[in-house]
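These notes are about the structure you will find just below.
The values are calculated or read from the model by the stated rules, or taken from the named source; none is laboratory data. What you are looking at is a predicted structure, and each value in this text was computed from that prediction instead of being measured. In this analysis, Cβ positions are derived from the backbone assuming ideal geometry, glycine residues included, and neighbour counts consider all displayed protein chains.
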Amino acid sequence: MKRGLLAVSLTMILAAMLVAGCQGESDEEVTTMVLATTTSTYDSGLLHKLLPVFEEEHHMEVEIISVGTGQAIETGGRGDCDIILVHAQELEDQFVEEGYGTERIDVMYNDFVVLGPEGDPAGVYDNADITEALQNIVEHAEDEEVPFLSRGDGSGTHTKEVNLWDLAGIGDYEESEWYNSLGQGMGDTLIAANEMQGYVLSDRGTFLSMEEDLPNLEIIFEGDDELANPYGIIPVNPEEHPEVNHEAAQLMIEFFTSEETREKIGEFGIDEFGEPLFFPDAK
């Protein structure tokens, strides 16, 4: 009888230990962090490919704020996120210089492309540089009343567009009838340009990811060095905003700059589009 009671007691103890162990595993705390990033990294599907790996490795949940680069930087400046991943280096450097970010780290790059109506009616395929291409686009837009669609949202793409107009010596474009500032993300701007059969500046990744749904647009100019599009990642400065999760931000930097993640970035898009949407640039 005593042996039977002892066996039952041991069984109950082992069962209790097993339940406690399972509960310990299931109740393990999940850390949450916030990433503010540009729409191109989200809309292209790149983050959907990468972040689940990071979350599983570090038992962490990443909340994504997908907005234009300007808004992402403002989010970091307010301390409403832990880290930003954006693509407007001049604004990024300023963010760090002003003390809102600790450092900027290169992650990847692609490039911008100029899209326009099929058949290149402005004749810019073989233009020597982006300046000549924009000047021909403006001439065609004015003569044929063809619209140019701008994001107009302070994003990295919009910032690049403004710089390109300045480079080409084209002023007063915002007051022109052919110029349409939408205040929208890249996807919505591309849809509008397709419907209106107009011109638009886009990052290559977003265009390739949406190309099947944009039958009225094609790349009419590409390859100029001025169209380079680098992406940087910056932790929000914990001295400026002590509430941020700086430890998680550092883990995310290690993840994005690891050899394994760099390979994934370089492979992303090849199977579906025949070419990568981004190229790793982490050192």
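Scan the range 119-146 and report the pairs whose first residue is farther than 21 Å from Asn180 by Cβ and assigned by TED's automatic domain parsing to the domain that holds Glu218 and whose second residue is of a type in the set (A, V, I, L, M, F, W, C) and surrounded by 12 or more Cβ atoms within 10 Å (Cβ to Cβ), with Cβ atoms within less than 8 Å and a gap of 6+ or a chain change.
Matching pairs, first to second residue: Tyr125/Ile220; Tyr125/Phe221; Asn127/Ala133; Asn127/Phe221; Thr131/Leu167; Thr131/Ala168; Glu132/Val124.
Do the conditions hold for Asp153, that is, is it of a type outside the set (A, V, I, L, M, F, W, C) and touching a residue at least 40 places away in the same chain (Cβ under 8 Å)?
yes
Only one of (1) farther than 15 Å from Pro230 by Cα; (2) modelled with pLDDT under 95 fails for Gln94. Which number is that?
Gln94 satisfies every listed condition except (2).
Which of the residues spanning the range 158-185 are of a type outside the set (D, E, K, R), touching a strand residue (DSSP E or B) at 6+ places or on another chain (Cβ under 6 Å) and assigned to a helix (DSSP H, G or I)?
Tyr173
For Glu175, indicate whether it is farther than 16 Å from Val114 by Cα and either more than 21 Å from the chain's Cα centre (by Cα) or hydroxyl-bearing (Ser, Thr, Tyr) (or both).
Taking the combined requirement at face value, the residue satisfies it.
Table: residues versus (1) farther than 22 Å from Glu218 by Cβ; (2) among the polar types (S, T, N, Q).
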| position | (1), (2) |
| --- | --- |
| Val114 | no, no |
| Glu118 | no, no |
| Ala141 | no, no |
| Ser150 | no, yes |
| Gly156 | yes, no |
| Asn163 | yes, yes |
| Tyr173 | yes, no |
| Gln184 | no, yes |
| Asn194 | no, yes |
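With the checklist (1) over 20 Å from Gly198 (Cα atoms); (2) touching a Ser or Thr at 6+ places or on another chain (Cβ under 9 Å) in hand, flag the one item Val113 doesn't pass.
With (1) over 20 Å from Gly198 (Cα atoms); (2) touching a Ser or Thr at 6+ places or on another chain (Cβ under 9 Å) applied to Val113, the lone miss is (1).
Given Val34, Val62, which one is among the aliphatic types (A, V, I, L, M) and over 23 Å from Asp281 (Cβ atoms)?
Working: Val62 fails: over 23 Å from Asp281 (Cβ atoms).
Checking each option against the conditions leaves just Val34.
Say whether the condition of being more than 19 Å from the chain's Cα centre (by Cα) and assigned by TED's automatic domain parsing to the domain that holds Glu211 is met by at least one residue in the range 105-116. Before the answer, list the steps.
Residues of the range 105-116 that are more than 19 Å from the chain's Cα centre (by Cα), as a first pass: 115-116.
After this cut, where a residue has to be assigned by TED's automatic domain parsing to the domain that holds Glu211 as well, the list is 115-116.
Yes, the range 105-116 contains at least one residue that is more than 19 Å from the chain's Cα centre (by Cα) and assigned by TED's automatic domain parsing to the domain that holds Glu211.
Return yes or no: is Gly266 surrounded by fewer than 18 Cβ atoms within 10 Å (Cβ to Cβ), among the small types (Gly, Ala, Ser) and part of a loop (DSSP other than H, G, I, E, B)?
On the way: surrounded by fewer than 18 Cβ atoms within 10 Å (Cβ to Cβ): yes; among the small types (Gly, Ala, Ser): yes; part of a loop (DSSP other than H, G, I, E, B): no.
It is false that Gly266 is surrounded by fewer than 18 Cβ atoms within 10 Å (Cβ to Cβ), among the small types (Gly, Ala, Ser) and part of a loop (DSSP other than H, G, I, E, B).
When the range 51-68 is examined, which residues are found to be of a type outside the set (Asp, Glu) and within 27 Å of Glu259 (Cβ to Cβ)?
Leu51, Pro52, Val53, Phe54, His58, His59, Met60, Val62, Ile64, Ser66
I need a count of the residues in the range 28-45 that are in contact with a helix residue (DSSP H, G or I) (Cβ under 7 Å, 6 or more places away or on another chain) and not in a strand (DSSP E or B).
Selection size over the range 28-45: 6.
Of all residues in the range 178-188 being buried (at least 18 other Cβ atoms within 10 Å of the Cβ) and within 18 Å of the chain's Cα centre (by Cα), which is farthest from Ser150 (Cα to Cα)?
Selected residue: Gly187.
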